[in-house]
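K.L.:
Sharing a structure below in structure tokens format, with a few things to ask.
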Amino acid sequence: MPTVKSLDDLKKIREEALKKQQMKETSGKSEVIVGMGTVGIAAGARETLKAILDTIEEDNLENIIVRQTGNIGLDSFEPIVQVILPGKEKVTYGKVNGDMARKIMKQHVVGGEIVKEYQIEG
Amino acid sequence: MRELALHILDIAENSISAGADRIRISVEENLREDRLTITIEDNGKGMDAETVARITDPFITSRTTRSVGLGIPFFKAAAEACEGYFTIQSQPGLGTTVTAVFKRSHIDRMPLGDLAGTLQTLIIGTPEVHWIFEYRINDEEFQFDDQPVKVILAGIPLSDPSVMRYIRETLRTGIDKVRQKSLTPANH
């Protein structure tokens, strides 16, 4: 893959993504939210979010929306990650580092099974 | 926080909380004048002079400010510890510009850190904001404006894996190129 990318490359990426989108049923999107307030950032929330983005890229995961939000209000549990699968209740995870984030992505977001040991009341 | 890039992330989060939909981040390393300047400019709701004073000085912070702006005194202290300075220019209804200037070679100056990681976080995590990033070392400059990218994508989300790869590689290559070019002795 060439290292320097142009906007033409992006047009190709879009065409490919559109094709894939048309082939798939609209099953809804999963949402992953990372708290990115000052406390979260100081506790490593950027690295947590980065691990989530890297997992999506490495495993080519489609139909996932990643969002960051300000303070979630659970300072002592930062970094906080919340997962909302289509039609499901929001699940909140606390003190999530990069490795934990990867596990949450694979087991919960892809596999549909909540990672109980990281879950907190939220 | 041990990286300037984390402070940038924190200040940009304040801009998002202030309702900005256009945020410009500029990092300039001036090797000739031994200065490093970070600017974060937004079109959010802005603040009056009293609010600016309150969030800048931790000793006058009242509990009503909640956690927004919590990182500002630390960023200010970091700049002032490096023979630099820190300013907030803000006008209600127009937006806010935060500027931090450091003596670049100062022993206490934090490293810039993972700039690309900070930008990736902001661009992908907050797609409703128009992000503009400028990185300059002396006369070498890299600019990334995410508007043309969003226009081309038209409906394809930024968190699509190939789009993310595109953004990550564009940022990394752009930043690396500026650093490589400015490493030539003639530029010092």
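Values quoted throughout were computed directly from the atomic coordinates according to the rules given, and no laboratory measurement underlies them. Being a predicted model, the structure only gives us computed values, none of them experimental. Quick reminder, even Gly has a Cβ in these numbers, built from the backbone with ideal geometry, and neighbours come from all protein chains shown.
K.L.:
I'd like to check something: does the range A:94-108 contain any residue that is under 28 Å from B:G155 (Cβ atoms), out of contact with any strand residue (DSSP E or B) (no Cβ under 7 Å at 6 or more places or on another chain) and surrounded by fewer than 18 Cβ atoms within 10 Å (Cβ to Cβ)?
P.N.:
Our first condition is that a residue be under 28 Å from B:G155 (Cβ atoms); within the range A:94-108, this holds for A:101, A:104-106, A:108.
In the following step, the residues that additionally are out of contact with any strand residue (DSSP E or B) (no Cβ under 7 Å at 6 or more places or on another chain) were identified as A:105-106.
Within this subset, residues satisfying the condition of being surrounded by fewer than 18 Cβ atoms within 10 Å (Cβ to Cβ) are A:106.
Taking every residue of the range A:94-108 in turn, at least one turns out to be under 28 Å from B:G155 (Cβ atoms), out of contact with any strand residue (DSSP E or B) (no Cβ under 7 Å at 6 or more places or on another chain) and surrounded by fewer than 18 Cβ atoms within 10 Å (Cβ to Cβ).
K.L.:
Being within 14 Å of another protein chain (Cβ to nearest Cβ), of a type outside the set (V, I, T) and either surrounded by fewer than 20 Cβ atoms within 10 Å (Cβ to Cβ) or assigned to a loop (DSSP other than H, G, I, E, B) (or both) is the requirement here; does B:Q120 meet it? First the steps, then the outcome.
P.N.:
Details: within 14 Å of another protein chain (Cβ to nearest Cβ): yes; of a type outside the set (V, I, T): yes; either surrounded by fewer than 20 Cβ atoms within 10 Å (Cβ to Cβ) or assigned to a loop (DSSP other than H, G, I, E, B) (or both): no.
So B:Q120 does not fit the description; no.
K.L.:
Being free of Cβ contacts under 8 Å to residues at least 12 places away in the same chain and surrounded by 13 or more Cβ atoms within 10 Å (Cβ to Cβ) narrows it down to one residue among A:R14, A:R67; which is it?
P.N.:
On the way: A:R67 fails: free of Cβ contacts under 8 Å to residues at least 12 places away in the same chain.
Of A:R14, A:R67, the one residue that is free of Cβ contacts under 8 Å to residues at least 12 places away in the same chain and surrounded by 13 or more Cβ atoms within 10 Å (Cβ to Cβ) is A:R14.
K.L.:
Ok, one more. Could you list all residues from the range A:26-40 that are in contact with a helix residue (DSSP H, G or I) (Cβ under 7 Å, 6 or more places away or on another chain) and surrounded by fewer than 24 Cβ atoms within 10 Å (Cβ to Cβ)? Before the answer, list the steps.
P.N.:
In the first step, residues of the range A:26-40 are kept if they are in contact with a helix residue (DSSP H, G or I) (Cβ under 7 Å, 6 or more places away or on another chain); the result is A:30, A:32, A:34-39.
Across the range A:26-40, the qualifying residues are A:S30, A:V39.
K.L.:
Could you please find all residues in the range B:30-54 being under 24 Å from B:I16 (Cβ atoms), of a type outside the set (K, R) and in a loop (DSSP other than H, G, I, E, B)?
P.N.:
Selection gives B:N43, B:G44, B:G46, B:M47, B:D48.
K.L.:
When residues of the range B:85-109 are filtered for being free of Cβ contacts under 8 Å to residues at least 40 places away in the same chain and either assigned to a loop (DSSP other than H, G, I, E, B) or in contact with a His (Cβ under 7 Å, 6 or more places away or on another chain) (or both), how many remain?
P.N.:
The qualifying residues number 3.
K.L.:
When residues of the range B:147-167 are filtered for being within 11 Å of chain A (Cβ to nearest Cβ), closer than 16 Å to A:S6 by Cα and not aliphatic (A, V, I, L, M), how many remain?
P.N.:
Here the count works out to 5.
K.L.:
So, one more: Determine if the range B:175-187 includes at least one residue that is within 7 Å of chain A (Cβ to nearest Cβ), in contact (Cβ under 8 Å) with a residue 12 or more places away in the chain, out of contact with any Leu (no Cβ under 7 Å at 6 or more places or on another chain) and not basic (K, R). Write out each step before concluding.
P.N.:
Here is the first cut: in the range B:175-187, the ones within 7 Å of chain A (Cβ to nearest Cβ) are none.
No, because not a single residue in the range B:175-187 is within 7 Å of chain A (Cβ to nearest Cβ), in contact (Cβ under 8 Å) with a residue 12 or more places away in the chain, out of contact with any Leu (no Cβ under 7 Å at 6 or more places or on another chain) and not basic (K, R).
K.L.:
Still on this structure: Please work out which one of (1) within 12 Å of another protein chain (Cβ to nearest Cβ); (2) under 30 Å from B:A79 (Cα atoms); (3) in a loop (DSSP other than H, G, I, E, B); (4) among the hydroxyl-bearing types (S, T, Y) is the condition B:T170 fails and give its number.
P.N.:
Every condition holds for B:T170 apart from (3).
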